[in-house]
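The values are calculated or read from the model by the stated rules, or taken from the named source; none is laboratory data. This one's a predicted model, so the numbers in the text were calculated from it and none came from an experiment. Positions of Cβ are backbone-derived with ideal geometry, glycine not excepted, and every protein chain shown enters the neighbour counts.
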Amino acid sequence: MTTWLLLVVCLGIACQGITSVTVRENSPRKLANSMNVIHEWKYLDYDFGSDERRQAAIQSGEYDHTKNYPFDVDQWRGMTFVTVPRYKGVPSSLNVISKKIGNGGRLLQPYPDWSWANYKDCSGIVSAYKIAIDKFDRLWILDSGIINNTQPMCSPKLHVFDLNTSQQLKQVVMPHDITVNASTGMGGLVSLVVQAMDPVNTIVYMADDKGDALIVYQNSDDSFHRLTSNTFDYDPKYIKMMAAGESFTAKDGIFGMALSPMTNNLYYSPLSSRSLYYVNTKPFMKSEYGANNVQYQGVQDIFNTESIAKIMSKNGVLFFGLMNNSAIGCWNEHQPLQRENMDMVAQNKKTLQMIISMKILKDL
């Protein structure tokens with residue numbers, strides 16, 4: 001059952017008021033029942049408009065339910081967005097959950113409509129990984145341009161939509177030298193964080209897990225910077241991982257990120273590591289900055305397992321997924337960054353297997 005993605009949204013609502021942590025109070029029973037299921041699917045299916053259209057999509061290979069997996073989620077008013085990375089058999093990468101129900105569960109409806117699901121001429125949304133909604137009701141979409149996880153189809157892009165009108169505000173094509181590691185030729189944009197001071201002065205941070213870099217985009221002048229640091233690199237000690245009793249190997253760098261609204265610290269971890277790092281984003285707000293002005297800090301091997309998803313509460317509490325524990329942990333950034341100051345707030349070996357995305361709903 002594909003339940004884990006939207007479950008963590010519910011947890012974010014419940015935990016956003018935490019300002020301190022105490023490990024001893026959380027019993028195994030309490031951890032396992034600390035959230036409710038919002039949505040679940042046997043498989044992801046879409047509102048094709050008619051059964052004839054759906055059958056045609058199946059026969060042509062446009063839709064194959066075994067290739068559709070949710071990656072990110074966010075919510076705005078009554079709309080819940082779900083991204084599905086583009087593989088052959090994925091008809092739409094950016095969707096909202098409709099009210100219609102199919103045999104697999106609630107049907108997905110392409111956003112803003114089916115025309116944006118057409119990617120073959122690179123005019124639509126190819127493969128949406130992470131999305132973010134800012135305080136100005138704008139939806140930011142990180143489009144990797146890659147299909148089947150390895151095959152570049154189009155240049156990576158940032159799409160920006162006005163959620164009040166569902167009209168595109170901006171589409172930014174990213175330069176090749178920004179999105180690819182010049183030494184290795186590798187690149188893969190998987191995560192983004194949006195820092196919106198005002199509608200013009202907005203910065204987008206993007207993680208390149210294959211090229212081991214942090215991409216910084218300035219909305220005010222459409223400029224890009226590619227930053228490198230050994231804190232973005234994977235740790236060879238942790239390329240073999242375990243999730244839900246299954247082992248796999250990955251050599252992925254910087255992945256999950258979260259921005260603190262209180263300190264302006266951007267927290268991050270390479271996927272193949274057990275470390276937590278951060279960089280203060282104030283230098284990025286200046287009109288000119290250099291790599292030498294950026295200070296990277298953190299603690300190596302602070303987690304007891306790998307951590308992918310991260311999200312920050314308005315009170316300065318960092319929530320993070322704990323892969324091998326099938327759990328969600330938290331840390332208050334007003335306390336020293338030490339393992340003893342971290343707590344586990346939810347654990348469920350069925351519903352929290354390999355958490356890739358978390359969001360906190362601000363209005364609840």
With a cut-off of at least 2 residues that are over 13 Å from residue 265 (Cα atoms), name the strands (runs of 3 or more DSSP E) lying wholly within the range 293-339. 317-322, 327-332
Could we say that residue 211 is assigned to a strand (DSSP E or B) and touching a Ser or Thr at 6+ places or on another chain (Cβ under 8 Å) here? no
Would you please name the residue that is farthest from residue 63 (Cα to Cα), looking only at residues in the range 75-115 that are polar (S, T, N, Q) and out of contact with any Pro (no Cβ under 6 Å at 6 or more places or on another chain)? 75
In the range 142-168, residue nearest to residue 203 (Cα to Cα) [restricted to those that are among the hydrophobic types (A, V, I, L, M, F, W, C), in contact with a Leu (Cβ under 6 Å, 6 or more places away or on another chain) and surrounded by 21 or more Cβ atoms within 10 Å (Cβ to Cβ)]: 142
Would you pick out the residues in the range 138-192 that are β-branched (Val, Ile, Thr) and either assigned to a helix (DSSP H, G or I) or modelled with pLDDT under 95 (or both)? 146, 147, 150, 178, 179, 180, 184, 190
Of (1) assigned to a helix (DSSP H, G or I); (2) surrounded by fewer than 18 Cβ atoms within 10 Å (Cβ to Cβ), residue 54 satisfies every one except (2)
Which residue out of 119, 217, 129, 111 is more than 18 Å from residue 257 (Cα to Cα) and in contact (Cβ under 8 Å) with a residue 40 or more places away in the chain? 111
Residue list for the range 227-251, restricted to those being assigned to a loop (DSSP other than H, G, I, E, B), charged (D, E, K, R) and either at pLDDT 95 or above or more than 20 Å from residue 179 (Cα to Cα) (or both): 233, 235
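Conditions (1) buried (at least 19 other Cβ atoms within 10 Å of the Cβ); (2) within 25 Å of residue 179 (Cβ to Cβ); (3) at pLDDT 95 or above, marked per residue:
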residue	(1), (2), (3)
269	yes, yes, yes
291	no, yes, no
337	no, no, yes
344	no, no, no
347	yes, no, no
Mind counting the residues in the range 316-329 that are of a type outside the set (A, V, I, L, M, F, W, C) and closer than 18 Å to residue 194 by Cα? 1
